[in-house]
Amino acid sequence: MRLEYPHGVRIVRLPCTGKTDVRTLLETFLAGADGVMVIGCLEGECHYIRGNIKARARVARTRKILDETRIGGERLRMYNLSASQAQRFAEAVNEMTDTVRAMGPSPLARHRALGAATPSAPPGDEG
Amino acid sequence: MKSGSNLEAVLAAGHFAVTSECGPPRGADVEAVKKKAELLRGHVDACNITDNQTSVVRMSSIAACSIIREMGLDAVMQMVCRDRNRIALQSDILGGYALGIKNVLCLSGDHQTFGDHKQAKNVFDIDSIQLVRMVKRMRDEGKLLGGDDLQGRPRMLVGAAANPFADPFAIRARRLKKKIDAGADFIQTQCIYNIPKFKEWMKQVVDMGLHERTAILAGVTPLKSYKMASYMATSVAGMDIPADVLERMKNVPKDKGAGAAEGIKIAIETIEQLKEIQGVRGVHLMAIEWEKAVKELVKGAGLHPRPMVEAHDVANGEVKDNG
Amino acid sequence: MIIAEQKAFEEIEKRLAPFTRVLVLGCKGCVTVCSAGGAKEVGILATALKLARAEHGLPIDVRELTVERQCDPEYLEPVAVKAGDAQVILSMACGAGVQLTAERVLKLPVLPAVNTVFIGVAEKAGTYAERCQACGDCKLAATGGICPVARCSKSIMNGPCGGSTRGKCEISSDVPCGWQLIIDRLEALGRMDLYDEIMDEADWSTSRDGGPRRIVREELE
């Protein structure tokens with residue numbers, strides 16, 4: 001199947017959505033993302049048992065922080081589908097793209113030209 | 001006699017006692033207190049004044065008690081442990097007695113989350129049982145909690161509350177014993193709608209001989225409407241309203257006052273049944289914001305007129321009952 | 001452990017408004033265990049602060065450091081140096097840690113990022129509940145190991161009060177009645193004799209009511 005989905009969508013592969021963590025999700029927005037989709041297996045079908053369940057909780061927490069920092073929690077969303085659901089994948093991406101387009105670019109975009117804060121590399125444990 | 005209060009005299013003379021309560025105003029309006037007290041005069045042996053009940057600020061119990069004392073009523077000063085520490089409580093016992101208050105009801109107090117000042121610090125320095133013991137010691141030994149001697153003892157009748165319907169049911173009589181061990185001369189219970197359950201509790205109480213060590217006054221509150229009844233049944237902690245009572249209140253005709261009339265009827269029936277239960281020495285009528293109903297209840301239950309007992313007659317061992 | 005909870009982000013952001021160089025200082029003690037102020041939370045808060053500032057188009061330079069504990073002076077020694085040219089320290093430790101840090105790093109203001117709430121336990125992962133009020137005069141032997149000061153909303157010594165309903169406190173059905181728990185435990189232990197005794201008035205002078213407390217153990221100096 002060769003289904004179309006919009007340009008400007010970058011795919012980052014993980015062995016499991018359970019690898020996501022709040023900080024990295026936030027860093028993605030800091031690096032300039034307008035929207036982030038976390039796409040995991042259907043609940044109950046995680047190859048690593050509960051990875052996608054943990055991802056769900058972390059996504060929820062990150063959405064809250066995105067609201068508190070005025071970036072917009074709606075820019076981050078989790079989807080659950082199986083590897084065989086190509087149609088659903090395309091639908092999800094289109095849906096998310098529509099959502100983010102309606103919200104406009106990330107608030108950080110308007111300051112980029114002014115040389116605003118750039119993200120630093122994640123520091124080690126002891127600074 | 002421990003206090004010479006009218007309530008004590010009536011009980012000592014062997015009469016079925018009647019007490020009621022007044023909630024002071026949410027302001028400094030003295031007339032409001034007098035009006036309520038006037039509605040009760042002649043129909044009760046003593047009148048309780050609540051102490052910032054449900055954690056809502058009202059005129060202080062000690063002040064309102066003083067006002068009704070001047071009107072000639074025997075006052076029962078309610079004291080909660082929520083707002084004042086042992087220093088303030090002892091001070092108010094002394095002050096209350098100085099103003100002629102001869103009865104005190106010792107309570108824990110509703111938590112401040114129920115009231116109008118939820119951000120207040122809660123005190124709870126001592127609990128209601130310790131308070132009973134403290135007042136008794138002040139009266140009988142002339143000592144403060146800290147050990148110092150008093151210059152003049154507060155001769156007050158000490159009361160405590162009991163809730164036959166609160167959990168855990170299994171230890172209620174045991175806790176009552178603790179209050180009596182601490183020195184409670186009289187007990188006023190939470191309002192009763194479930195007579196069979198109350199009888200169960202009284203049986204436990206009588207089996208432990210507690211009814212002979214203290215005077216138990218059974219609480220009665222007339223229902224005003226089905227709305228009030230269902231609210232109390234579902235939202236008030238420690239309340240037990242049986243289905244048949246709720247049904248009766250539900251089935252009243254839609255005429256104005258029909259609910260209240262049925263509520264009074266149920267209350268009178270309750271009082272009649274309570275009179276027959278061994279160990280019950282009186283009733284405590286709590287007609288909240290409906291003090292007018294007390295007269296109807298007292299008359300309807302055949303408890304009017306109230307006995308006029310001279311305290312000193314009882315003290316000398318002779319009961320000269322003029323009532 | 002001491003249980004803390006992060007302050008509302010808005011409050012933290014507001015307090016940091018005057019500053020551009022911030023050190024977020026975590027603690028590997030209690031606040032790590034209850035996931036309020038350990039290295040992970042330091043990282044998340046630091047990134048959130050960067051996002052919020054970026055949203056305003058204003059600069060912020062956030063440094064991160066997590067030390068063993070902030071309640072022992074030895075662990076705070078390197079902080080002043082590692083703070084470098086930071087203008088403020090945002091401490092994620094409990095109130096005790098924030099204060100000792102402030103004492104030891106005199107040149108910088110130290111702001112709290114969490115509210116220290118209570119001494120308690122983890123009932124299960126993510127659920128923490130109060131157990132101890134640090135009254136200074138432990139009564140647990142008389143109450144079957146359940147504290148009447150901390151677990152009874154009215155700190156009653158001879159409970160329960162008349163508001164106890166179906167094992168719950170009158171203030172909320174989410175709060176178990178402390179005295180119901182005590183009675184259940186004493187019954188299970190066959191020690192209801194302890195219940196029948198009138199417990200004496202608490203001596204609050206050993207608690208904070210008696211003034212800020214201090215212990216000196218000379219043999220440890």
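The values are calculated or read from the model by the stated rules, or taken from the named source; none is laboratory data. No experiment lies behind these values; they were computed from the predicted model shown. Here the Cβ is made from the backbone with ideal geometry for all residues, glycine too, and neighbour counts use every protein chain on show.
Points to keep in mind about this one:
- Residue among C:Glu64, C:Glu103, C:Glu11 that alone is farther than 28 Å from C:Ala129 by Cα and without any contact (Cβ under 8 Å) to a residue 40 or more places away in the chain: C:Glu103
- Boolean, C:Cys177 is within 20 Å of B:Cys81 (Cβ to Cβ) and free of Cβ contacts under 8 Å to residues at least 24 places away in the same chain: no
- Scan segment B:239-263 for residues that are within 14 Å of chain C (Cβ to nearest Cβ) and surrounded by fewer than 17 Cβ atoms within 10 Å (Cβ to Cβ) and the total you get is 0.
- In segment C:135-179, the residues that are facing another protein chain (nearest Cβ under 7 Å), polar (S, T, N, Q) and surrounded by fewer than 23 Cβ atoms within 10 Å (Cβ to Cβ): C:Ser153, C:Thr165
- Within the option set B:Ile101, B:Ile62, being at pLDDT 95 or above, within 15 Å of B:Met156 (Cα to Cα), part of a loop (DSSP other than H, G, I, E, B) and of a type outside the set (Gly, Ala, Ser) holds for one residue only, B:Ile101.
- The sole residue among C:Asp72, C:Asp61 that is among the charged types (D, E, K, R), under 22 Å from the mean Cα position of the chain (by Cα) and surrounded by fewer than 24 Cβ atoms within 10 Å (Cβ to Cβ) is C:Asp72.
- Under the condition of being in contact with a strand residue (DSSP E or B) (Cβ under 7 Å, 6 or more places away or on another chain) and facing chain A (nearest Cβ under 10 Å), the residues counted in segment C:42-78 number 14.
- Check on A:Gly44, under 19 Å from A:Glu95 (Cβ atoms) and either more than 13 Å from chain C (Cβ to nearest Cβ) or more than 11 Å from the chain's Cα centre (by Cα) (or both): no
- One residue alone among B:Ala161, B:Ala184 is part of a loop (DSSP other than H, G, I, E, B), at pLDDT 90 or above and aliphatic (A, V, I, L, M), and that residue is B:Ala184.
- Taken over segment B:1-30, the criterion of being assigned to a strand (DSSP E or B) and β-branched (Val, Ile, Thr) is satisfied by B:Val18, B:Thr19.
- Any chance C:Ala122 is loosely packed, with under 13 Cβ neighbours inside 10 Å and more than 21 Å from B:Val80 (Cβ to Cβ): no
- Matching strands (runs of 3 or more DSSP E) fully within segment C:103-221 where at least 1 residues are touching a Leu at 6+ places or on another chain (Cβ under 9 Å) and not basic (Lys, Arg): C:110-112
- Here C:Leu45 meets the list (1) buried (at least 17 other Cβ atoms within 10 Å of the Cβ); (2) within 17 Å of the chain's Cα centre (by Cα); (3) closer than 26 Å to A:Leu25 by Cβ almost entirely, failing just condition (2).
- When B:Ala64, B:Ala46, B:Ala75, B:Ala88 are screened for being over 23 Å from B:Val10 (Cβ atoms) and either of a type in the set (A, V, I, L, M, F, W, C) or free of Cβ contacts under 8 Å to residues at least 24 places away in the same chain (or both), only B:Ala88 passes.
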